[in-house]
Amino acid sequence: MFDTVYPQLIGLCTGALLLTSALMVWRHSLLASIRLLSAQGFALAALVAVIGVEEGAAEVIIVSVLVLLVKGMGLPWVLAHETRATTRTDEAPRLNPTAGLLTVALLTILSYVVASRLLRDDSSVSAHAAGIGLAMVLIGFLLLVTRRQAGSQLIGFLVLDNGIATVAFLTSGGVPLFLELGISLDVLLVVVILYVFAGRMRNKFGNTDIDQLRKLHD
Amino acid sequence: MSFALWIPLAVPVVLAALSLAGGSRQFARLGPVGSSAAVLASGLLLDGAVLAGTVPDLGGGLLRADALSAYMLTVVGAVGLVSTWGGLGHATVVPGRYAGSYDALISVFLAAMSLAVLADNIGLMWAAVEATTITTAFLVGHHRTRSSLEAAWKYVILGSVGVAIALLGIVLIYAASRGTGEPTLSWLELSRTGLPLDPTLIRAGGALAVLGFATKAGLAPMHSWLPDAHSQAPAPVSGLMSGVLLAVALYAILRIQTITNAVIGPDFLRVMLSVGGLLSLFVAAALLIRQRDFKRMLAYSSIEHMGMMAVGAAIGAAALPAVLLYVLGHGLTKATLFVLSGRILEVEGTPRIDDVRALLVRRPGLAVPWLIAMAALVGFPPFSIFFSEIGIIVAGFDAGLGVVVGIALVLLLVIFAALTRLTVAMTIGAPAAAPAPGVAAETRLDGAGDAVTGERPDAVPPDRSSHGPRLPLFLALGATAVVAFIAEPVGTLLARAAAVLGGIQ
C-alpha cells in the first residue's frame with residue numbers, strides 16, 4: 001500500500017517545497033514570507049517523515065520531529081517576533097515579481113539539469129526529486145542578493161539551508177542524527193545572532209536597510 | 001594519551017563558564033590565556049604521542065589525533081596563547097559590562113577550533129567551524145559602533161553562506177560514499193585509496209566544500225568580509241581570526257583535497273586552488289599599494305599569505321611540509337602584529353598610517369617589535385615564512401607549475417615593496433614639527449603643567465613602554481626565527497603530518 005503512494009508523497013512534499021520558495025520570491029511582505037517559511041518547514045518535516053517510514057528508520061522519524069519544531073515553528077516564531085518590532089515590513093527588492101519568477105523558473109531548470117547529471121546512476125524516486133533541493137539553494141541565493149531588508153536576507157539564508165537539508169535527505173536519507181542536531185543548533189544560533197544584530201541596527205539607524213552598510217571599503 | 005584529546009575541549013568550556021559566572025575580574029581575564037595554554041599543552045603532548053608512533057583516539061574514533069591534527073592543535077594553542085596573553089594589555093577598550101562574555105567567547109572559540117582539528121568526521125568538523133562563526137560574530141561586533149556592526153553583519157552573512165555551501169558539498173560527499181555499503185563522513189575511511197566512491201558526486205562535493213571553506217579562509221574572490229572583520233574586531237580577536245580561523249579553514253581544504261585526489265586525481269582542485277591563490281595575491285597586492293589603515297594592511301597581508309598557502313596546496317605533496325610550516329609562522333607573526341597594532345591604536349588613537357609617524361623615535365617600545373615582526377611577515381630570513389615561501393616556489397617549479405609560481409613571485413615582490421613602504425612610513429623618520437593631536441594630548445598628560453614640553457615636541461622623551469606584556473611577543477618571534485632550523489622533532493613532525501595528506505615521507 002505505502003509503496004504505491006510513496007512516489008506521490010515524495011512528489012507532493014517536494015512540490016510544496018518548491019512552491020513555497022517561488023512564492024517567497026513573488027511576495028514582498030515580510031510577514032507573508034515568514035508564513036511561507038513556516039509552511040516550508042512543515043513540508044520538509046513531512047518529506048523527512050515519508051522517507052523515514054519508507055526506510056523503516058526510527059532515527060529519521062525523530063529527525064522529522066526535530067525539523068518540524070525548529071524549521072516549522074521555532075525559527076518562523078523568532079523571525080515574526082523580530083518583524084513585528086520593525087516599522088516597515090514591506091520590501092522594495094531589486095527585482096520585480098515577474099523578473100523574479102522568471103529567474104526562479106530558469107534556476108529550477110538549471111538545477112534539474114545539474115542534478116540529473118550528478119545522480120545519473122541513481123534511479124530511486126528520491127534521487128529524481130533532488131533537483132528541487134538544488135533549486136531551493138539557488139532561490140535562497142537569489143533572495144540573499146536581491147533583498148534589502150535584514151529580515152528578508154535572513155529568510156534567504158534559511159531557504160538556502162532548507163535546500164541543503166532537502167538535498168541531504170533525498171540523496172542519502174539524511175546525515176547521522178548527532179550531526180543533524182549540531183547543524184540545527186548552529187543554524188538556530190546564526191539566526192539568533194542575526195536577529196540580535198538586526199535589533200542593534202534598528203537602534204542605531206532607525207531601520208534595517210542593508211544598503212546603508214556601505215561605510216567600510218577601500 | 002586519550003586524555004589530551006578532551007582537555008582542549010573541556011578546559012576552555014569550563015573557563016568560559018567561570019568567566020561568565022563573574023567573580024574576580026582579574027581571574028576572568030586570565031581565562032582565555034588558560035584556555036590557550038591548555039590547548040597548547042595538549043597539542044605538545046599529542047605531538048609527542050604521534051612522534052612515538054601512536055594515534056590517540058577517543059569516543060569510538062570520533063576524535064582522533066594523527067600527526068596533522070596534533071600539529072594543527074599545537075598551532076591553535078600557540079597562536080591563541082600569543083593573542084590572548086599579548087592582549088592582556090588591551091583591557092581599557094573592553095567595555096566593563098560585556099567583559100565577561102568577551103573572555104567567555106574567546107575560550108569557546110578556542111574549544112571549537114580544537115574540536116574542528118581533532119574531529120575525525122567532516123560533519124562534526126563542519127559544525128565546529130560554524131560554531132566559530134557564531135562566537136566570533138559577537139567578538140567582531142564587540143565595540144558596538146556603526147562600523148563594527150556593519151563588519152559583523154557582513155561577516156556572519158558571508159561566513160555562514162560560505163560554510164553552508166561547504167555543508168552542501170559535505171552532503172554530496174556523504175551521498176558519494178553510499179557505494180561503500182555504510183555511508184561515512186570519517187576522514188580516515190574516506191581518504192583510503194581504492195574505495196568505490198562515486199566520482200561525479202565526489203567532484204561536485206569536493207568543489208563545493210573547497211569553495212565554502214575557501215570563503216572562510218579568506219581566499220579571493222570570497223574575501224570581502226575579511227578586511228572589514230579584521231579591522232573592526234578587538235586586536236587580540238583579529239590575531240586569533242587571522243592565525244587560527246583561516247588556518248583551520250585551510251586545514252579543512254587540505255583534508256578534502258586528499259579525498260578528491262584519491263578518487264579523481266589532483267588536477268581538478270589544482271586548477272581551483274591555483275586560481276584562488278593567485279587571485280588572492282593579486283587582490284592583496286592591488287589594495288596594499290594604496291592602503292591607509294594599518295589594521296586593514298595586516299588583513300590584506302593575511303589574504304596574501306592564505307593565497308600563497310593555497311598555491312602551495314595546489315602544487316601538492318612536495319609543497320605540503322612548507323605549507324604546514326607556513327601556517328605556524330604566519331599565525332605567530334600575525335598574532336604578534338595584531339596585538340601590537342591594538343596597542344598602537346590605543347596609544348595613538350588612530351588607525352591611519354599617515355597619522356602614525358616616526359614611531360621608532362617616539363615609541364621605540366612598540367616600534368622595535370613591530371619592525372622585527374614586519375620583517376618576519378614580508379619574508380626575511382631567518383624567519384620561517386621565508387623558508388616556507390622558498391619551499392613552495394621550489395616545489396612549484398619541480399612540479400611543472402612554473403607559470404603559477406612565477407606569477408606568484410612577481411605579486412609577492414609587489415607586496416614586499418608595498419608593505420616595506422608602509423612600514424617605513426610608520427616607523428622611520430623624524431617627528432613632525434607640529435605635534436599631532438595624539439602627541440599633544442600625550443604630552444599634556446606626561447608633563448602636567450610643563451608648558452615648555454608642550455611647545456617643543458622634540459623634547460618629549462621617547463616612550464619605551466611596550467604597553468602590555470612583552471614576553472609573548474618575543475617568544476612568538478623567537479619561535480618563528482628558529483623553528484625552520486630544527487630538523488628533529490619539528491621537521492619529522494611536519495613530514496609525518498604531510499604524509500597524512502598523502503605527501504612525501
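Every number here is computed from the coordinates shown, using simple stated rules; none is lab data. Nothing here was measured: the structure is a model prediction, and the numbers come from that model. Virtual Cβ from ideal backbone geometry, glycine too; neighbours counted across all protein chains shown.
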- prompt: What list of whole percents do you get for P(r) of the stretch B:298-417, with Cα-Cα distances grouped in 5 Å bins up to the one holding the largest distance?
  reply: 2, 11, 20, 22, 16, 11, 8, 6, 4, 1
message: Please compute the average number of Cβ atoms from other chains found within 10 Å of each residue's Cβ in peptide B:180-192.
response: 1
Under 26 Å from the Cα of A:K71 - lysines, other chains or at least 8 residues apart: B:K154, B:K216
- prompt: Once the dipole of the protein assembly as shown is set up with Lys and Arg at +1 and Asp and Glu at -1 on Cβ about the Cα centre, which of A:A165, B:V347, B:G491 lies farthest towards its positive end?
  reply: B:V347
task: Please state, to two decimals, what the Cα-based radius of gyration of the stretch A:118-218 comes to when divided by 2.2 N^0.38 Å (N = residues).
output: 1.35
- prompt: For the stretch B:3-500, what's the relative contact order in percent, using C-alpha pairs closer than 8 Å and at least 6 residues apart?
  reply: 16
message: Largest first and in whole Å, what are the equivalent-ellipsoid semi-axes of the stretch A:1-113 based on the Cα gyration tensor, each being the root of 5 times an eigenvalue?
response: 29, 20, 8
- prompt: So what's the net charge close to B:H143: Lys and Arg +1, Asp and Glu -1, counting the other residues with Cβ under 12 Å from its Cβ?
  reply: +2
statement: In terms of the charge dipole of the protein assembly as shown, which places +1 on Lys and Arg and -1 on Asp and Glu at the beta carbon, the residue among A:L179, B:L240, B:A358 farthest towards the positive end is B:A358
query: For the protein assembly as shown, with only Lys/Arg (+1) and Asp/Glu (-1) charged at the beta-carbon, what is the dipole magnitude about the Cα centre, in debye rounded to 20?
result: 1620
task: Determine how many Å³ per residue the convex hull of the Cα atoms of the protein assembly as shown encloses.
output: 155
query: Could you state the principal axis extents of the C-alpha atoms in chain B, from the largest down, to the nearest angstrom?
result: 83, 55, 44
query: For the stretch B:170-270, what is the Kirkwood estimate of the hydrodynamic radius, computed as the reciprocal of the mean inverse distance between distinct Cα atoms, to one decimal in Å?
result: 14.6
- prompt: What number, rounded to the nearest 500 deg cm²/dmol, is the helix-based mean residue ellipticity at 222 nm of the protein assembly as shown, given -39500 (n - 2.57) per DSSP H run of at least four residues and division by all its residues?
  reply: -24500 deg cm²/dmol
message: Taking only the Cα atoms of the stretch A:2-210, how large is their convex hull per residue, in Å³?
response: 101
- request: Please list, or write none, the aspartates and glutamates whose alpha carbon is within less than 15 Å of the alpha carbon of A:K215, excluding same-chain residues fewer than 8 places away.
  value: B:E150, B:D228, B:D293
- prompt: Along the Cα-to-Cβ line of A:I61, 7 Å from the Cα, sits a label point; which residues in the stretch A:148-179 have backbone N less than 17 Å from it?
  reply: A:177
Shielding by other protein chains, A:139-147, mean Cβ within 10 Å: 1
message: Can you give the FRET efficiency to the nearest 0.05 for B:R352 and A:Y6, using r as the Cβ-Cβ distance and R₀ = 51 Å?
response: 0.20
Cα-based helix-to-principal-axis angle, B:437-446 vs chain B, degrees rounded to 10: 70
